[in-house]
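**Student:** For reference, the structure I am asking about is given below.
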Amino acid sequence: MKGTFLKFYVYEQRKHDHKPLYEWLLQKAKEIGIQGGSAFRAIAGYGRHGVVHEQRFIELSADLTVEVEFVVSDEQSEQLLEAIRRENVHVVYAKIPAELGVVDGKG
């Protein structure tokens, strides 16, 4: 099945509706019927301002990027983006064509 790989990039300490934005995105996706999503924390990176962020052993509260991703139908992708727009959330995303499938292992 053809679909969309939808990725969001958020700072881990950014909040929306009193919770981390990455958690809010996962919750919103679940509410609209998306069957799965994942959040991954970066170990280092930089954004449009060129400031490099990285976690060091002595830092307890680094503000690194969290990538939140979903592999969904094109319709679900638009539903999630529209839900985000309605909430007036500022977020960077990438929308990439994808092929969805399952390998059942029953050779």
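**Student:** If we only count strands (runs of 3 or more DSSP E) wholly inside the range 1-55, which ones have 2 or more residues that are within 29 Å of E99 (Cβ to Cβ), touching a residue at least 12 places away in the same chain (Cβ under 8 Å) and under 13 Å from the mean Cα position of the chain (by Cα)? Please lay out each step first, then the result.
**Tutor:** Working: elements: 2-11, 38-41, 44-46, 52-54.
In the range 1-55, 2-11, 38-41 are the strands (runs of 3 or more DSSP E) which contain 2 or more residues that are within 29 Å of E99 (Cβ to Cβ), touching a residue at least 12 places away in the same chain (Cβ under 8 Å) and under 13 Å from the mean Cα position of the chain (by Cα).
**Student:** Name the one entry in K2, K28 that is exposed (fewer than 11 other Cβ atoms within 10 Å of the Cβ) and either under 21 Å from K95 (Cα atoms) or at pLDDT below 95 (or both).
**Tutor:** K2
**Student:** Only one of (1) touching a strand residue (DSSP E or B) at 6+ places or on another chain (Cβ under 7 Å); (2) surrounded by 13 or more Cβ atoms within 10 Å (Cβ to Cβ); (3) among the aliphatic types (A, V, I, L, M) fails for I84. Which number is that?
**Tutor:** Failed condition: (1).
**Student:** Could you please let me know if E23 is modelled with pLDDT of 95 or more, among the charged types (D, E, K, R) and farther than 14 Å from Y93 by Cβ?
**Tutor:** The answer is yes for E23.
The values are calculated or read from the model by the stated rules, or taken from the named source; none is laboratory data. Since this is a predicted model, take the numbers as computed values, not measurements. Using ideal geometry, Cβ is built from the backbone for each residue, glycine included, and neighbour counts are taken over all protein chains shown.
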